[in-house]
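Inspection log for the structure reproduced underneath, given as structure tokens.
The values are calculated or read from the model by the stated rules, or taken from the named source; none is laboratory data. Note that the coordinates shown come from a computational prediction; the quantities given were computed from them, not determined experimentally. In this analysis, Cβ positions are derived from the backbone assuming ideal geometry, glycine residues included, and neighbour counts consider all displayed protein chains. These accessible areas exclude ligands, DNA and RNA; they are computed on the full protein's heavy atoms, side chains included. Shrake-Rupley method; radii C 1.70, N 1.55, O 1.52, S 1.80 Å.
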Amino acid sequence: MDITKVGVVGSGQMGSGIAQVCALSGYQTILAARSSSSLDRGLENINSALLRAIAGGWITEEVKSATLARIHGTTKIEDIADCDLVIEAIVENMEEKKKLFAELDRLCPVPAILASNTSCLSVTEMALATENPGRVIGLHFFNPPPVMALLELITTVVSSEETFNIARKFAESLKKTVVVVKDTPGFIVNRLLIPFLLDAIWLLESGLATKEDIDTSMVLGCNQPMGPLRIADFIGLDTLNNVADAICNELDDVRFAVPPILRKMVAAGYLGRKTGRGFYEYD
């Protein structure tokens with residue numbers, strides 16, 4: 001099966017970015033949101049990102065116009081029914097994802113592929129919420145999707161070989177570097193990254209060093225482009241909290257235990273760059 005039309009469900013930071021990547025790569029793309037306001041924000045995110053790409057000399061005005069022409073926004077989930085591939089990019093909540101996959105399974109006839117952009121949850125569990133689990137797979141993009149080169153392709157014990165091959169060909173067509181991983185909590189990147197970020201937060205909470213010195217140490221001492229606390233702000237502290245909790249619950253591993261300061265910041269609405277305040281403040 002050749003993929004020509006892609007549906008993306010969820011118009012937040014990840015969903016809009018994935019839609020942009022797909023449209024830039026020549027695919028007709030449906031961006032589905034739960035409300036008109038969410039959809040408008042998602043489409044504006046795409047437009048702003050394309051304008052930045054023009055300013056950086058990465059694309060032309062013609063490419064921007066062609067990309068936007070391939071994107072159709074909707075608040076009706078039924079509009080994705082004729083897509084060859086549907087990528088779920090909603091909140092990291094298993095029950096919500098299972099409900100969505102069951103609905104997509106009813107809406108989208110076989111052989112359409114259903115994929116999850118989850119960063120830590122079980123793709124197998126989502127697949128088993130459908131009547132056709134063999135067509136479900138994981139496509140984990142990284143934030144921001146138009147910039148980050150990596151894509152984790154997550155296979156499950158129920159994913160068909162045909163689904164895997166088509167999904168890999170699609171991922172490579174987006175000019176992504178594809179790594180393959182079995183369905184395991186956190187996959188590769190977050191299984192390694194989350195304890196590192198949490199350790200930095202524990203270090204800050206203990207009062208042993210300032211946030212600036214922690215980040216400077218990792219940037220200059222380990223040649224990292226960004227310190228762990230700034231990375232946490234960039235990811236979103238609510239996302240970090242939820243991912244850590246999900247992996248901790250699945251593995252029963254104290255390395256993924258969430259520091260109290262992180263929970264308090266999330267409760268206060270200090271979620272990082274997207275809200276203007278996290279461990280640092282942002283314009």
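Structural remarks
- When residues of segment 104-119 are limited to those that are touching a Phe, Trp or Tyr at 6+ places or on another chain (Cβ under 9 Å) and open to solvent by 10 Å² or more (accessible area, probe 1.4 Å), the one modelled with the highest pLDDT: N117
- Any hit, segment 214-224, residues being more than 23 Å from the chain's Cα centre (by Cα) and buried (at least 21 other Cβ atoms within 10 Å of the Cβ): yes
- Residues satisfying the stated conditions in segment 1-26, i.e. surrounded by fewer than 22 Cβ atoms within 10 Å (Cβ to Cβ) and not in a helix (DSSP H, G or I): M1, D2, I3, T4, K5, G12, S25, G26
- Residues that are among the hydroxyl-bearing types (S, T, Y), touching a strand residue (DSSP E or B) at 6+ places or on another chain (Cβ under 7 Å) and either assigned to a strand (DSSP E or B) or over 26 Å from E131 (Cβ atoms) (or both) within segment 159-194 comprise just one, T177.
- Among (1) of a type in the set (D, E); (2) at pLDDT below 95; (3) under 18 Å from P195 (Cβ atoms) - the single one D283 does not satisfy: (3)
- Residue that is least open to solvent (accessible area, probe 1.4 Å) [pool: residues in segment 225-260 that are more than 22 Å from the chain's Cα centre (by Cα) and not β-branched (V, I, T)]: P259
- Looking only at segment 38-56, and only at residues there that are open to solvent by less than 60 Å² (accessible area, probe 1.4 Å) and of a type outside the set (A, V, I, L, M), the one that is farthest from G12 (Cα to Cα): G56
- Taking first residues from segment 51-72 that are without any contact (Cβ under 8 Å) to a residue 60 or more places away in the chain and within 18 Å of S16 (Cβ to Cβ) and partners that are open to solvent by 60 Å² or more (accessible area, probe 1.4 Å) and not in a loop (DSSP other than H, G, I, E, B), the Cβ contacts under 7 Å between residues at least 6 apart in sequence or on separate chains come to I54/E61; T67/L24; R70/Q28.
- When residues of segment 122-158 are limited to those that are of a type outside the set (V, I, T), assigned to a loop (DSSP other than H, G, I, E, B) and within 20 Å of the chain's Cα centre (by Cα), the one farthest from D233 (Cα to Cα): S122
- Restricting the first member to segment 165-192 and to residues that are on the phi > 0 side of the Ramachandran plot, and the second to residues that are outside any helix (DSSP H, G or I) and open to solvent by 40 Å² or more (accessible area, probe 1.4 Å), the beta-carbon pairs closer than 9 Å and six or more apart or on different chains are K175/S25; K175/A149; F187/V179.
- Filter result for V258 (of a type outside the set (G, A, S), out of contact with any strand residue (DSSP E or B) (no Cβ under 7 Å at 6 or more places or on another chain) and outside any helix (DSSP H, G or I)): yes
- Look at (1) open to solvent by less than 40 Å² (accessible area, probe 1.4 Å); (2) of a type outside the set (S, T, N, Q); (3) closer than 30 Å to S160 by Cβ and you find that I59 fails only one, number (3).
- Restricting segment 261-283 to residues that are in contact (Cβ under 8 Å) with a residue 12 or more places away in the chain and assigned to a helix (DSSP H, G or I), the residue that is most open to solvent (accessible area, probe 1.4 Å) is R273.
- The residue pairs whose first member lies in segment 1-29 and is of a type in the set (D, E), whose second member is assigned to a loop (DSSP other than H, G, I, E, B), and whose beta carbons are closer than 8 Å, counting only pairs six or more residues apart or on different chains, are D2/D84.
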